[in-house]
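J.: Below: one structure in structure tokens.
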Amino acid sequence: MRRFLYIVPLALFIALVIYFFVAMRGGYDPSTLPSAMIGKPVPTFDLPGPLVPPSYAGPRVKLGFSNRDLLGHVVLVNFFASWCIPCRVEHPVLMGLGPAADVPVVGIAYKDKSQDAVGFLNEYGNPYVAVAMDEGGRTGIDFGVYGVPETYLIDKHGIIRLRYVGPLTAEVVAREILPAVRTLQQSP
């Protein structure tokens, strides 16, 4: 009986290890995580810009923005961070996305320091028409961000229409983002 008391916890531990191992290898795809925000208005927010504006060759960027700035036109909102390796992977795609799609792309630096976000944009270029700081992550939480990068397509009325988790690729942009942008731009 005493031996049984030692074996039961060990067996439960081994069963848990096996369960977690199988669950983690089960083809987890974060882009398939559902979002309760699709079809709902963007959360109310008013974020400041970075303390120092990015210095890059290109049009002037708006520092800071709010949910009111998203009304009246189709917009892509991209949550990024300087410490995020997948953000560096997606950055070249974002650099060509705005002009190619004729859609403004705004960036929210998620849980990042102002000087680090600006350094990131100075080094890799700035694809955004506006940059805001979400240092505490509250706005990201309100959007339902699981991790960076995440991109949200907002319609003219401030409604979230599409969410993409993970780094954007040229294929995803061509297959999902651009058709959705065109459809939303043609709608009243």
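The values are calculated or read from the model by the stated rules, or taken from the named source; none is laboratory data. Source: prediction; values computed, not measured. Glycine also receives a Cβ, built like all others from the backbone with ideal geometry; neighbour counts cover every protein chain displayed.
J.: Considering region 148-188 alone, what residues qualify as being within 21 Å of GLY137 (Cβ to Cβ) and of a type in the set (Val, Ile, Thr)?
T.: If the condition is that a residue be within 21 Å of GLY137 (Cβ to Cβ) and of a type in the set (Val, Ile, Thr), then VAL148, THR151, ILE154, ILE160, VAL165 are the ones that fit.
J.: Could you please find all residues in region 124-137 being buried (at least 18 other Cβ atoms within 10 Å of the Cβ) and out of contact with any Leu (no Cβ under 9 Å at 6 or more places or on another chain)? Lay out the reasoning, then the answer.
T.: Of region 124-137, the ones buried (at least 18 other Cβ atoms within 10 Å of the Cβ) are 126-134.
Correct list: ASN126, VAL129.
J.: Among the listed residues LEU121, LEU94, which satisfies the condition of being among the aliphatic types (A, V, I, L, M), crowded, with 16+ Cβ neighbours inside 10 Å, more than 15 Å from the chain's Cα centre (by Cα) and part of a helix (DSSP H, G or I)?
T.: On the way: LEU94 fails: more than 15 Å from the chain's Cα centre (by Cα).
Just a single option satisfies the conditions, and that option is LEU121.
J.: If you don't mind, another one. Can you name every residue in region 179-188 that is touching a residue at least 12 places away in the same chain (Cβ under 8 Å), out of contact with any Leu (no Cβ under 9 Å at 6 or more places or on another chain) and in a helix (DSSP H, G or I)?
T.: GLN185, the sole residue that qualifies.
J.: Any residue in region 129-142 that is touching a residue at least 60 places away in the same chain (Cβ under 8 Å) and within 11 Å of PHE45 (Cα to Cα) sitting within a Cβ distance under 7 Å of a residue that is assigned to a loop (DSSP other than H, G, I, E, B) and among the hydrophobic types (A, V, I, L, M, F, W, C)? List the pairs, counting only those 6 or more apart or interchain.
T.: The qualifying pairs are THR139/PHE45; ASP142/PHE45.
J.: Yes or no: ASN126 touching a residue at least 12 places away in the same chain (Cβ under 8 Å) and closer than 15 Å to VAL105 by Cα? Outline the logic, then answer.
T.: Details: touching a residue at least 12 places away in the same chain (Cβ under 8 Å): yes; closer than 15 Å to VAL105 by Cα: yes.
Judged against the criteria, ASN126 is a match.
J.: How many residues does region 58-86 contain that are part of a loop (DSSP other than H, G, I, E, B) and free of Cβ contacts under 8 Å to residues at least 24 places away in the same chain?
T.: Within region 58-86, the subset part of a loop (DSSP other than H, G, I, E, B) is 58-61, 64, 71-74, 81-84.
Still in the running and free of Cβ contacts under 8 Å to residues at least 24 places away in the same chain: 60.
Residues in region 58-86 being part of a loop (DSSP other than H, G, I, E, B) and free of Cβ contacts under 8 Å to residues at least 24 places away in the same chain: 1 in total.
J.: Just to be sure I understand, how many residues within region 57-87 are surrounded by fewer than 17 Cβ atoms within 10 Å (Cβ to Cβ), at pLDDT 95 or above and farther than 26 Å from LEU184 by Cα?
T.: 3
J.: Please go through (1) of a type in the set (Lys, Arg); (2) modelled with pLDDT under 95; (3) surrounded by 15 or more Cβ atoms within 10 Å (Cβ to Cβ) for LYS156 and return the number of the only condition it doesn't satisfy.
T.: Of everything listed in (1) of a type in the set (Lys, Arg); (2) modelled with pLDDT under 95; (3) surrounded by 15 or more Cβ atoms within 10 Å (Cβ to Cβ), LYS156 misses just condition (2).
J.: What tally of residues in region 172-182 results from selecting those that are over 21 Å from GLY39 (Cβ atoms) and within 17 Å of the chain's Cα centre (by Cα)?
T.: 1
J.: Would you call LEU168 part of a loop (DSSP other than H, G, I, E, B) and buried (at least 21 other Cβ atoms within 10 Å of the Cβ)? Talk me through it step by step, then tell me what you get.
T.: Details: part of a loop (DSSP other than H, G, I, E, B): yes; buried (at least 21 other Cβ atoms within 10 Å of the Cβ): yes.
Spelling it out, LEU168 is indeed part of a loop (DSSP other than H, G, I, E, B) and buried (at least 21 other Cβ atoms within 10 Å of the Cβ).
J.: From (1) touching a Gly at 6+ places or on another chain (Cβ under 8 Å); (2) modelled with pLDDT of 95 or more, pick out the condition that doesn't hold for PRO43.
T.: Every listed condition holds for PRO43 apart from (1).
J.: Conditions: (1) under 17 Å from the mean Cα position of the chain (by Cα); (2) touching a residue at least 24 places away in the same chain (Cβ under 8 Å). ASP116 meets all but one. Number of the miss?
T.: Status for ASP116: all satisfied but (1).
J.: Say we look at region 100-113 and pick out the residues that are more than 11 Å from TRP83 (Cα to Cα) and more than 16 Å from the chain's Cα centre (by Cα); which of these is surrounded by the most Cβ atoms within 10 Å (Cβ to Cβ)?
T.: Kept after step one, since they are more than 11 Å from TRP83 (Cα to Cα), are these residues of region 100-113: 100-108.
Then keep just the ones that are more than 16 Å from the chain's Cα centre (by Cα); that gives 100-103.
Details: ALA100: 13, ALA101: 19, ASP102: 11, VAL103: 22.
Among them, the one singled out is VAL103.
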